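Report on the structure given below.
The values are calculated or read from the model by the stated rules, or taken from the named source; none is laboratory data. The shown structure was predicted, so the numbers you read here are calculated from the model rather than taken from an experiment. Backbone-built Cβ (ideal geometry, glycine too); neighbour counts: all protein chains shown.
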Amino acid sequence: MMTESLRNSLNIISKWGKAAGILIIITGAFTALFGLPLFVIGAAPGVLMIVSGVYLLKSASSASLMSKEVSEEPHESMLENYATFIKWQVFYLGANVVLVLLFIIFFIILFCIGAVAGYNEIQYNFE
């Protein structure tokens, strides 16, 4: 038997989960689109966001079904999709950490190259 509090919570999860899922998919599409100039590595976080957004939408849809039905299938489906969403979010966060570290290393290398090139241009006149 489902209590009113549980039904209300499932409705909130359904409503906000769908909204968040759609926003994650849209954000992922923009991230993938703007990451294309960096080839596959730049578009990867966007693709991961899109996949996780789809699983969040599926989880929200299952929560909506759970609030209307008492059968066991939506319960399992919601939990499976939510677990997959969490897994994809971890992949996305890991990819972002790797990309940030790569860009920091790239910046340091370019800074060192620029500093060395600048030292070659200095003229010393000790006359």
inquiry  = As an exercise: evaluate GLY46 against (1) over 19 Å from LYS87 (Cβ atoms); (2) small (Gly, Ala, Ser); (3) touching a Phe, Trp or Tyr at 6+ places or on another chain (Cβ under 8 Å) and give the number of the one condition it does not meet.
reply    = (1)
task = Evaluate segment 22-31: report whether one residue or more is under 15 Å from the mean Cα position of the chain (by Cα) and among the small types (Gly, Ala, Ser).
result = yes
Number of positions in segment 1-12 that are aliphatic (A, V, I, L, M), surrounded by fewer than 13 Cβ atoms within 10 Å (Cβ to Cβ) and either modelled with pLDDT of 85 or more or within 29 Å of the chain's Cα centre (by Cα) (or both) = 2
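Tell me the residue from ALA83, ALA63, ALA43, ALA20 that is part of a helix (DSSP H, G or I), small (Gly, Ala, Ser) and crowded, with 20+ Cβ neighbours inside 10 Å, please. Working first, answer last.
Working: ALA83 fails: crowded, with 20+ Cβ neighbours inside 10 Å; ALA43 fails: crowded, with 20+ Cβ neighbours inside 10 Å; ALA20 fails: crowded, with 20+ Cβ neighbours inside 10 Å.
Exactly one of ALA83, ALA63, ALA43, ALA20 is part of a helix (DSSP H, G or I), small (Gly, Ala, Ser) and crowded, with 20+ Cβ neighbours inside 10 Å, namely ALA63.
Taking LEU48, is it closer than 13 Å to LYS18 by Cα, buried (at least 18 other Cβ atoms within 10 Å of the Cβ) and not aromatic (Phe, Trp, Tyr)? If you could, list the steps in order and put the result at the bottom.
Details: closer than 13 Å to LYS18 by Cα: no; buried (at least 18 other Cβ atoms within 10 Å of the Cβ): yes; not aromatic (Phe, Trp, Tyr): yes.
Taking the combined requirement at face value, the residue does not satisfy it.
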ask   = Can you name the residue in segment 64-83 that is modelled with pLDDT of 85 or more and of a type in the set (Gly, Ala, Ser) and is also farthest from THR31 (Cα to Cα) among such residues?
value = SER64
query = Given (1) buried (at least 17 other Cβ atoms within 10 Å of the Cβ); (2) at pLDDT below 90; (3) closer than 18 Å to ILE13 by Cα, where does GLY53 come up short, assuming only one miss?
reply = (2)
ask   = Based on what the data block shows, is LEU110 modelled with pLDDT under 90 and of a type in the set (A, V, I, L, M)?
value = no
ask   = Which condition number in (1) exposed (fewer than 15 other Cβ atoms within 10 Å of the Cβ); (2) at pLDDT 90 or above; (3) under 19 Å from GLN89 (Cα atoms) is the one that LYS15 fails?
value = (3)
